[in-house]
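Beneath this line is the structure, given in structure tokens, with notes to follow.
Bear in mind these aren't lab numbers, they're just calculated from the coordinates by the rules spelled out. Keep in mind it's a predicted model, so treat the numbers as computed, not measured. Note that each Cβ is placed from the backbone with ideal geometry, even for glycine, and that neighbours are counted across all protein chains shown.
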Amino acid sequence: MRLRYPGNIRIVRVPCTGKVDVLHILHAFEKGADGVYVVGCLEGDCKFQSGNLRARKRVQQARAILDAVGTGGERVEMFNLSSGEGPRFAEYAIQITEKIKKLGPNPIKAASKRMAA
Amino acid sequence: MIVADKKPIEEIIDEVKDFQRILIAGCNECVTVCEAGGKKEVGILASALRMYFMNQGKKAQIDEVTLERQCDHEYLEEIRTVIDQYDAVVSLACGVGVQFMAEKYTKTPVLPGVNTSFMGVTEERGVWSERCQGCGQCLLASTGGICPISRCAKRLLNGPCGGSAQGKCEISKELPCAWQLIVDRLKELGKMEEYEKIIPIKDWSTERAGGPRKLVREDVRQ
């Protein structure tokens, strides 16, 4: 298919989105990520039954925490698609990149620059 | 186990916002099982606080430790050599652990990171319910293993009351009537004669009503 999607996305592969923990999402932001999105299988299609449903809950938890600490919960997103939907994967990648670009960089980066100055 | 619930992150931020060096101390026992104060929750809270302080442009050191228990001297001793490096400790143990740490390390503020709720069971993941109130005089032998003190809203010893309808308590349709459960269980055990016996007035002095409690056992004391 040779689809194009933004090159600034770093893919972290996990066996199932059920493996993604709140802590993984928070650590990404702590280390300076501008946004994180979790891409899971369609709801109801999880090979392990509830992996993607658990991921959805954890994404919500991470959002609440990021809102409380001032990083902004809207920087985390969850998408669901089937493994055969390459074009949709690229579409979501473009969509989230545009959204995060509008939100600007992770506020932690600006704050640490100010602190270093 | 002792069941606790996570405190809202905003409340914890309010507790620690004026400190610089903070230790987040988890507990490997009950609060780990009820997913409120174990190693993972310590990691999440520490990460959240680090981000909060960075966003505020404040320098802060947030460290993590998870002790085997916070209700025993031997495990609390593990942080004796490092505690002076911190301005405050947020303990994610139950209220017992928070207090024991505060008693031991008097110069460092120890702040609670969870709301300790009750002694109970895990009905399923994410659902916990109360089973014991530590009344000091266990009645379970005569009530079919179901506790009327912790599970009956009125703590009736000779129930049910008139508020029991279709097996549910009048305070909530979700809540089973403890005395209905007791009768059902005694029937199943073929011990309905136990139900006919009147349980005498309970001595509540062994319960919280008698003031803070202490247990001393000379047989095991050193």
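Side notes on the structure shown:
- Residues satisfying the stated conditions in the stretch A:75-95, i.e. closer than 13 Å to A:Ala33 by Cα and in a helix (DSSP H, G or I): A:Arg75
- Residue match in the stretch B:71-80 (condition: β-branched (Val, Ile, Thr), surrounded by fewer than 22 Cβ atoms within 10 Å (Cβ to Cβ) and within 14 Å of another protein chain (Cβ to nearest Cβ)): no
- Single condition B:Lys40 does not satisfy, out of (1) within 10 Å of chain A (Cβ to nearest Cβ); (2) free of Cβ contacts under 8 Å to residues at least 12 places away in the same chain; (3) over 25 Å from the mean Cα position of the chain (by Cα): (3)
- Whichever residue in the stretch A:105-115 is without any contact (Cβ under 8 Å) to a residue 24 or more places away in the chain and more than 7 Å from every other protein chain (Cβ to nearest Cβ) and, among such residues, is surrounded by the most Cβ atoms within 10 Å (Cβ to Cβ): A:Ala110
- Residues in the stretch A:15-34 that are under 19 Å from A:Lys57 (Cβ atoms) and outside any helix (DSSP H, G or I) were compared, and the one that is farthest from the chain's Cα centre (by Cα) is A:Pro15.
- For A:Arg63, the conditions (1) within 13 Å of chain B (Cβ to nearest Cβ); (2) part of a loop (DSSP other than H, G, I, E, B); (3) among the basic types (Lys, Arg) are fulfilled apart from (2).
- Among the conditions (1) among the aliphatic types (A, V, I, L, M); (2) more than 11 Å from chain B (Cβ to nearest Cβ); (3) in a helix (DSSP H, G or I); (4) without any contact (Cβ under 8 Å) to a residue 60 or more places away in the chain, A:Val12 misses just one, which is (3).
- When residues of the stretch B:43-70 are limited to those that are at the interface with chain A (Cβ under 7 Å from one of its Cβ atoms) and within 18 Å of A:Ala117 (Cβ to Cβ), the one surrounded by the most Cβ atoms within 10 Å (Cβ to Cβ): B:Met54
- For A:Thr97: the one exception among (1) within 14 Å of chain B (Cβ to nearest Cβ); (2) under 13 Å from the mean Cα position of the chain (by Cα): (1)
- Residue check for B:Ile13: within 14 Å of chain A (Cβ to nearest Cβ), closer than 30 Å to B:Val127 by Cα and crowded, with 22+ Cβ neighbours inside 10 Å: no
- Criterion (within 30 Å of A:Lys113 (Cα to Cα) and touching a Pro at 6+ places or on another chain (Cβ under 8 Å)) met by exactly one of A:Gly72, A:Gly35: A:Gly72
- Strands (runs of 3 or more DSSP E) contained entirely in the stretch B:94-192, each with at least 3 residues that are buried (at least 20 other Cβ atoms within 10 Å of the Cβ), without any contact (Cβ under 8 Å) to a residue 24 or more places away in the chain and of a type in the set (Lys, Arg): none
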